[in-house]
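Just so you know, all these numbers are worked out from the coordinates, no wet-lab data involved. Note that this is a predicted model, so its numbers are computed, not measured. In this analysis, Cβ positions are derived from the backbone assuming ideal geometry, glycine residues included, and neighbour counts consider all displayed protein chains.
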Amino acid sequence: MDSVLDDIQDLNLSYLLLVQRLLSEDRATAMFRLKMDDAMADLILSLSGKQLGRLARTNQLLCRLNFDNVTQLERLTSNPRDQGLGSSHAALLMSAIGAGAASIDARG
């Protein structure tokens, strides 16, 4: 069990560092991708390394999958479209999730 907890804490720290990097490099895009408001972005950017480490040391994951139901994940993983359109389709599905869309019509 200690190994799983260590892995969770490592993942949390990596995730927080990635979030800070994304926000520093392109704040608007990062906020959109992370479904984050200005106040949260400001707070995360202001955290020191020590604060990030303290926040990461929890037994709960700080990140989660952005899929509300199995259908959304199935559409991304079993889509017969070519790879070029697949990433665009994934981006559209993920943005719709953040916008609070109940469902996506995945025809054609």
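Which number do you get for Rg(Cα) / (2.2 N^0.38 Å) in segment 11-83? Don't skip to the answer; put the middle values down first.
Details: Rg = 15.0 Å, N = 73, 2.2 N^0.38 = 11.2 Å.
So the Cα radius of gyration is 1.34 times the expected 2.2 N^0.38 Å.
With each label modelled as a point 7 angstrom along the Cα→C-beta vector, the L62-L76 pair spans 2.1 nm.
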